[in-house]
1. Would you check if there is a residue in the range 512-528 being under 22 Å from residue 264 (Cβ atoms), among the aromatic types (Phe, Trp, Tyr), crowded, with 18+ Cβ neighbours inside 10 Å and under 24 Å from the mean Cα position of the chain (by Cα)?
2. Please go through (1) farther than 30 Å from residue 174 by Cβ; (2) in contact with a helix residue (DSSP H, G or I) (Cβ under 7 Å, 6 or more places away or on another chain); (3) surrounded by fewer than 17 Cβ atoms within 10 Å (Cβ to Cβ) for residue 220 and return the number of the only condition it doesn't satisfy.
3. Given the residues 445, 424, 537, which is the only one that is assigned by TED's automatic domain parsing to the domain that holds residue 390, at positive phi and charged (D, E, K, R)?
4. From 326, 288, 295, grab the single residue that is modelled with pLDDT of 95 or more, among the polar types (S, T, N, Q) and surrounded by 20 or more Cβ atoms within 10 Å (Cβ to Cβ).
5. Just give me the residues in the range 372-397 being surrounded by 16 or more Cβ atoms within 10 Å (Cβ to Cβ) and in contact with an Asp or Glu (Cβ under 7 Å, 6 or more places away or on another chain), in sequence order.
6. Considering only the range 424-444, state which residues are of a type in the set (Lys, Arg) and in a loop (DSSP other than H, G, I, E, B).
7. Can you name every residue in the range 26-68 that is over 32 Å from the mean Cα position of the chain (by Cα) and among the β-branched types (Val, Ile, Thr)?
8. Select from the range 190-212 the residues that are under 23 Å from residue 342 (Cα atoms) and among the polar types (S, T, N, Q) and write down the one among them that is surrounded by the fewest Cβ atoms within 10 Å (Cβ to Cβ).
Amino acid sequence: MVPKWVEKRYKELWNSYKDSPFRFEDAADVLRKKMKDSEEQVNVILSELRKGGWLKVDFDPEDARKRIYTLKSSEEIITQILSINNSKLTRSDLEGLLKKAADLIRTRVDYAFILFLLFYKRISDKWENEFENAYKEAIEDGLNEEEAKEEAKNSIYHDFDISQDLLWENIRKDPARLPENFSKAMKILAERNPELKDVFENVDFVQFTTNRENVEILRQLVELFSAKPLHHVSPDILGDAYEWILRYFAPQKAKEGEVYTPREVIKLIVEILSPRPGESVYDPALGSSGMLIASYKYVKDEKGKSEADKLFLFGQEANHKTLALSEMNLFIHDIRNAQIALGDTLLYPKFKEGEGIKTFDVVIANPPWNQDGYAEETLKKAEFWRERFNKYGFPPNQSADWAWIEHMLSSANNRNGRVGVVIDNGCLFRSGKEKAIRTGIVKDDLIDTVILLPEKLFYNTGAPGAIIILNKNKQKERKGTILFINASKEYEQHPEVRKLNRLGDEHINKIVKAYREFTNIDGFSMVVAHEKIKENDYNLNVTLYVFPEEETEEIDIEKEWEEAHKIEKELKEIEKKIEDYLLELKEG
């Protein structure tokens, strides 16, 4: 299938040309008039149609450097889709495969091995598919078989530089040497593909298989992943599968201190911040890249892949292993325009501009809540500490919540910088140093909206989190106020984890609508002036300003009286029976 936005263009082209041949200029003329597409976008559209099998491409007999295009009919496309689907891996197939892999390792083996094998199988299968397509094109261009094979190996046709002996099927051929072969392959691939260095340095198959039981687990995992090719699976489906593994193991990882942000919470915050093509998006507490991927998908769903590719994505992560998972997640989602770095963001921010830190249009994160060890004496040793922490002050040693917010504010540009942070609800009302920072930020009119989330959304805590939206350039009608949204009742039972709740689409839509309309809704949202917040000593606890209305039940007085009278009559009958019973015992 092709993306929906491409399908719309297909219909316009079909209306104009049906199954008659046309040239690039013809397509550009139609799509410019009908869809306002640029020539660059037309190139992408034709490429997507060709990759989806909806378009036939031939050489132009008048000019061999050009192409002639012919659309396939909807009947041809449907037949093609049905035939492909017989052998193609579906979303449910892939999730079923990963469920088997998860059951196989249970809690004995780090789930990162599943993600790595999924990633390696994908890039290997994709290389083979790219080779096959390049080979066919080379043959069509007049090369003989040997010349075509050599041409198809050229790195210009491939996302990654992989030699044929390192492909999945060739590694799989020798089950007894799987650990050594994977280790050798990773070393070579890291040298040839520097962007994959972090990924391959964080998986040690030799150490993994020092345990004899793990040797058999690895063999079974490899056979499991060998069952189906992954080159035809769309990045969206494959990305969802990768996310499924992260989510599946989140409860277990939460006990070990790892944080997984529910994708519904990420979807909510991204929809509020609404990143646009050409903007930069930065996550200083990257994790598995969920925030960046959701920002990319948001633009892709709204505008198409070519516009999403115009986003500039940046992220920093302190944990080396988590960074590797993040890089794989981005590659699996076919996102190649992200720059991510390793390091402690609060102490050593990696993205710099001139003599200071780099600034972005959108800054978005779920940093570690109540992180300790970042008191004043520590942060004064950090790079750019005056630029980031000097204005509003330093947090207490036991919680760096506001230090993260200060860093994110400093990282937002002054033109249209928007900040969205998922944070512990307690930072909204705690006193002391946190209150001092909070007060300064409120006075500077930087806080736009505060949202109280429901309890039990997160795998590592049952506490209700909060979302704070900050804006360097608030709209005129929002200045001098803060919108408080109490979404504590906006949840449904989690379908997979019995003790958890989650945000449903209707809850997300309701919250986003309230944010955009910036209005009072009884028991749900309230626009509060700074004077009122000052009266409350700069306490931003949402329940102080808006509290969900309790549902009142209408009472049918006549019916209730009849019920009470009936119960009273029944009680008298029971009392009479007990008296008679006691009298019989006494007389007996």
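The values are calculated or read from the model by the stated rules, or taken from the named source; none is laboratory data. All figures in this text were calculated on a predicted structure; none of them were measured in a lab. Cβ atoms come from the backbone with ideal geometry, glycine included; neighbour counts cover every protein chain shown.
1. Yes, there is a match, as at least one residue in the range 512-528 is under 22 Å from residue 264 (Cβ atoms), among the aromatic types (Phe, Trp, Tyr), crowded, with 18+ Cβ neighbours inside 10 Å and under 24 Å from the mean Cα position of the chain (by Cα).
2. Residue 220 satisfies all of (1) farther than 30 Å from residue 174 by Cβ; (2) in contact with a helix residue (DSSP H, G or I) (Cβ under 7 Å, 6 or more places away or on another chain); (3) surrounded by fewer than 17 Cβ atoms within 10 Å (Cβ to Cβ) except (1).
3. Values: 424 fails: at positive phi; 537 fails: assigned by TED's automatic domain parsing to the domain that holds residue 390.
So the residue among 445, 424, 537 that is assigned by TED's automatic domain parsing to the domain that holds residue 390, at positive phi and charged (D, E, K, R) is 445.
4. One residue alone meets the criteria, 295.
5. Within the range 372-397, 388, 389, 392, 394, 395, 396 qualify.
6. Of all residues in the range 424-444, those of a type in the set (Lys, Arg) come to 430, 433, 435, 438, 443.
Within the range 424-444, 430 is the sole residue that qualifies.
7. 30, 57, 68
8. So, considering only residues that are under 23 Å from residue 342 (Cα atoms) and among the polar types (S, T, N, Q), the one surrounded by the fewest Cβ atoms within 10 Å (Cβ to Cβ) is 193.
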